[in-house]
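The values are calculated or read from the model by the stated rules, or taken from the named source; none is laboratory data. Since the model is a prediction, treat every value here as computed from it, not as a measurement. A quick note on method: Cβ atoms are made from the backbone with ideal geometry, for glycine too, and the neighbour counts reach across all protein chains shown. Keep in mind that these areas ignore ligands, DNA and RNA; they rest on the heavy atoms of the full protein, side chains included. Shrake-Rupley method; radii C 1.70, N 1.55, O 1.52, S 1.80 Å.
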Amino acid sequence: MNHAEIELTTPVQFLKGVGPKRAEALRAVGVETVEDLLLYLPRRYVDRSHLTPINRLQVNSPATILAKVVGVGEERGRRPRLVVVLEDGTGFIECVWFQGYKYIKGLLQKGQRVMVSGQVRFFGRLQMPHPEFEVLEGEEEELIHTGRIIPIYPSTAGLKAIRLNNRSLRSLIKGVLDSLPQIEEILPEEVIQKHSLLSRQEAIGNLHFPTSWELVKRAKERLAFEEFFLWELVMAMRQRERIKEDGLQFKRPGSLVGSFIEGLPFSLTSAQRRVLREIYRDVSSGSPMHRLLQGDVGSGKTIVALICLLWAVENGYQAALMAPTEILAEQHYHTLGRLLGPIDLETTLLVSGLPKSQREKTLRAIGEGIIKVVIGTHALIEEGVEFANLGLAVIDEQHKFGVVQRASLRGKGSSPHLLVMTATPIPRSLALTVYGDLDISLLDELPPGRREVKTGWRSEKDRGKVYSFLRQKIKEGRQAYVICPLVEESEKLDLKAATQMAEHLGKEVFPEFKVELLHGRMKGEVKEEIMGRFRRGEIDILVSTTVVEVGADVPNAAIILVEHAERFGLSQLHQMRGRVGRGEHQSYCILLVSYPLTSEAKERIETICRTNDGFRIAEADLRLRGPGEFMGTKQHGLPQFKVADLASNGPLLRMARQEAFALASKDQPLADSLRRVFASRFQEGGKLLGAG
Ligand code: ADP
Ligand code: MG
């Protein structure tokens, strides 16, 4: 197949053999242009490069043979079939087709030399049912379906429906490769040299028609590197844009911050001090800070954030802290109030659903700069919220927000500093990708005196024992969470289950204790009131949906019982477990599971029981669910990689990142070929080039 004048940017529907239906099916798998087609990643490869003489064939094993067609015949009867007899000088074999054979019959003729691959069977004589085959026209003919390492592409119902099977995909891609003049290199020559990468041409060729396994590996490596490089270039350019911005310059911490730290009931951990130093470097640098603070659950991120808020105030600015749930925003608000003690500071809580008059009054005070610190939910980024001079924006549990929300909070000021925090320990490769333009600080130390949470799983038959254990702990003075799943698809049913559970526990199981229900559908003030009572120890058992998943901090709560633990993801389980183990008491996390367990669920449960280390858990989660799911369905800013795999290509990512940042730091215009791919590959690429 030959195509006149095609380029990488040519839409696939302009290719010969691709009609509207095929184009549509290809688009559904992300293939719109010739370049997309060439980067369509084979799912796997099979080795058909070794030829076996017919007399050496092993029955019930796959084999590839080179032979001559000596007979072609249709057999009618109960199961009509096409039988093609082959001979190679050592013996005979029959290739048999039961389906689609009219078409195949037209392709095969006596006297042709063919290469066939398939499973060898024996039914009275040697047979190969439905083999892959290729007719060898002349000596020079390049094989694409057999006789070599063959690509097998991901097959979808859409592709199948229009018969874009492996065979036709291979032919299509081969045709394109043959008619493209040359695939231009986009990576800088010295980068290719330094890392011994294949050229783009070699890599794409070998991705589909490799001449060795080694080349399969190197082709994928080169293309993954390229993807990472392009993405990291976006990150690097974003960062450079930002550095050019004028930032607010904070002075060294003064008396407000000083007296706040002195008043704390504990001293800061050395990790907290180190992170504050890292932040100081940013906020005094003259460029806006964009820092991600990563720290496992319970590592004490909140204090760091609160200190930063006061720091901004001390420098004459307002500061804002945004949290994903009302419960969490309220908790931070109360914590700040409590820790401020006698320090006099105008703070406010801004959540949705405030009475109109109160909201207006609050917004006015924020707008006039009377209120210094605003803590709230996404209500903070709503229209109408205007700050007099926002100097610092902090986002807690940032993974619950999208890139856009992050930007909108920052947009409430003019180049304010930004600190985002996350307790979902994101594997480093993911962090570099999603937060690649942020600087990263790590709180890698838990406050002293923490004891590891004991985690175990139990099934329905153990329920009685689990309840006795709970009773004993509550008698000792502890409090407990009981978490019921709430999944969107069956929200009503689940809510009912949680409600019933609270009633059942309160009336029948633990009549002597105070049991309350908390869920996300409750009104803000109701939730606040219940959380307040739980915090003050007036509730013994809090039955809750996953609204307490993030952030809740009640140190006396030492037991968390998770119902249907098999329905939760790993990171979610880890977050929930993080609700306990926050004080000096030995804490327990009990996972109740219902059989049957899928093997993945079993692996999740075993992993969470085995380790308390959030980073290990995150790595496992990434492996089990893949990056998209891991980051959640929210708009998470994760690019779609075609070849690169975040779970396994970590080192490659770091190399690519280094090179991309090095290139960006030269501040020179990009080479034309790179420019084109850069602008088309990621939406933001184009914008950055336009702006730069
Ligand atoms: P997370 O990092 O999960 O947001 P928090 O900020 O909620 O953790 O802190 C967890 C608990 O540890 C809180 O009760 C907090 O008061 C306490 N804490 C924070 N820093 C210290 C410290 N340096 N020493 C002792 N306790 C601390
Ligand atoms: Mg927190």
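Of everything in segment 406-416 that's out of contact with any Lys or Arg (no Cβ under 9 Å at 6 or more places or on another chain) and open to solvent by 10 Å² or more (accessible area, probe 1.4 Å), which residue is farthest from ligand 1 (Cβ to nearest atom)?
Pass one, segment 406-416, residues out of contact with any Lys or Arg (no Cβ under 9 Å at 6 or more places or on another chain): 406-414.
So of that shortlist, the ones also open to solvent by 10 Å² or more (accessible area, probe 1.4 Å) come out as 406-408, 410-414.
Working: Arg406: 18, Ala407: 23, Ser408: 23, Arg410: 21, Gly411: 25, Lys412: 23, Gly413: 24, Ser414: 29 Å.
Per the stated criteria, the residue is Ser414.
Got a sec? Which strands (runs of 3 or more DSSP E) wholly within segment 519-614 have at least 1 residues that are surrounded by fewer than 20 Cβ atoms within 10 Å (Cβ to Cβ) and away from ligand 2 (no atom under 16 Å from the Cβ)? Let's see the steps before the verdict.
Numbers: elements: 541-544, 557-562, 588-593.
Here the list reads 588-593.
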Residue check, Val83 part of a strand (DSSP E or B) and open to solvent by less than 70 Å² (accessible area, probe 1.4 Å): yes
Scan of segment 291-309 for residues that are of a type in the set (D, E, K, R) and modelled with pLDDT under 90, ordered by number: Asp296
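Go over the candidates Leu143, Leu164, Leu198, Leu136 one by one and state the one that is aliphatic (A, V, I, L, M) and at pLDDT 95 or above. First the steps, then the outcome.
Values: Leu143 fails: at pLDDT 95 or above; Leu164 fails: at pLDDT 95 or above; Leu136 fails: at pLDDT 95 or above.
Answer to the check: Leu198.
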Any hit, segment 336-356, residues being open to solvent by less than 10 Å² (accessible area, probe 1.4 Å) and within 13 Å of ligand 1 (Cβ to nearest atom): yes
Strands (runs of 3 or more DSSP E) wholly inside segment 93-175 containing at least 2 residues that are touching a residue at least 40 places away in the same chain (Cβ under 8 Å), of a type in the set (S, T, N, Q) and in contact with a Cys (Cβ under 6 Å, 6 or more places away or on another chain): none
Qualifying residue in segment 424-439 (condition: surrounded by fewer than 19 Cβ atoms within 10 Å (Cβ to Cβ), touching a residue at least 40 places away in the same chain (Cβ under 8 Å) and touching a Gly at 6+ places or on another chain (Cβ under 6 Å)): no
Single unsatisfied condition, Gly111 versus (1) on the phi > 0 side of the Ramachandran plot; (2) surrounded by 12 or more Cβ atoms within 10 Å (Cβ to Cβ): (2)
Close pairs from segment 442-454: first closer than 16 Å to Arg274 by Cβ, partner in a strand (DSSP E or B), Cβ under 6 Å, at least 6 apart: Leu442/Gln294; Leu443/Gly295
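With respect to Lys372, determine if the residue is at pLDDT 95 or above and open to solvent by 20 Å² or more (accessible area, probe 1.4 Å). Spell out how you get there, then give the answer.
Working: at pLDDT 95 or above: yes; open to solvent by 20 Å² or more (accessible area, probe 1.4 Å): yes.
Criteria met by Lys372.
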Number of positions in segment 286-314 that are at positive phi and either among the hydroxyl-bearing types (Ser, Thr, Tyr) or away from ligand 1 (no atom under 16 Å from the Cβ) (or both): 1
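Within segment 258-278, how many residues are more than 10 Å from ligand 1 (Cβ to nearest atom) and touching a helix residue (DSSP H, G or I) at 6+ places or on another chain (Cβ under 6 Å)?
To start, the set of residues in segment 258-278 that are more than 10 Å from ligand 1 (Cβ to nearest atom) comprises 258-263, 274-278.
Narrowing the set further to residues that are touching a helix residue (DSSP H, G or I) at 6+ places or on another chain (Cβ under 6 Å) leaves 260, 275.
Total meeting the criteria: 2.
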The one condition in (1) outside the structural domain of Ile186 (by TED's automatic domain parsing); (2) modelled with pLDDT under 95; (3) of a type outside the set (Val, Ile, Thr) that Ser212 fails to fulfil: (1)
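Can you tell me which residues in segment 380-399 are assigned to a helix (DSSP H, G or I) and surrounded by fewer than 21 Cβ atoms within 10 Å (Cβ to Cβ)? So that I can check it myself, show each step before the final result.
Step one: list which residues in segment 380-399 are assigned to a helix (DSSP H, G or I), which gives 380-381, 398-399.
Selection gives nothing.
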From Ala63, Ala23, residue being buried (at least 20 other Cβ atoms within 10 Å of the Cβ) and either small (Gly, Ala, Ser) or modelled with pLDDT of 95 or more (or both): Ala63
Residue under evaluation Ala67, criteria (1) in contact with a Lys or Arg (Cβ under 9 Å, 6 or more places away or on another chain); (2) part of a helix (DSSP H, G or I); (3) not hydroxyl-bearing (Ser, Thr, Tyr), criterion not met: (2)
Glu460 being more than 30 Å from the chain's Cα centre (by Cα), farther than 23 Å from Lys514 by Cβ and in the same structural domain as Glu512 (by TED's automatic domain parsing): yes
Per-region count, segment 440-465, residues β-branched (Val, Ile, Thr) and buried (at least 18 other Cβ atoms within 10 Å of the Cβ): 2
Subset of segment 417-440 [within 14 Å of ligand 1 (Cβ to nearest atom) and under 20 Å from Ser571 (Cβ atoms)]: Val420, Met421, Thr422, Ala423, Thr424, Pro425
Residue match in segment 321-328 (condition: in the same structural domain as Gln405 (by TED's automatic domain parsing), within 15 Å of Ala552 (Cβ to Cβ), more than 13 Å from ligand 2 (Cβ to nearest atom) and not aromatic (Phe, Trp, Tyr)): yes
Test: Pro188 is open to solvent by less than 20 Å² (accessible area, probe 1.4 Å) and either modelled with pLDDT of 85 or more or within 17 Å of Ser49 (Cα to Cα) (or both): no
Where Ile93 falls short, out of the listed (1) open to solvent by 60 Å² or more (accessible area, probe 1.4 Å); (2) at pLDDT 95 or above: (1)
Any hit, segment 420-429, residues being modelled with pLDDT of 85 or more, under 22 Å from Phe661 (Cβ atoms) and within 16 Å of ligand 2 (Cβ to nearest atom): yes
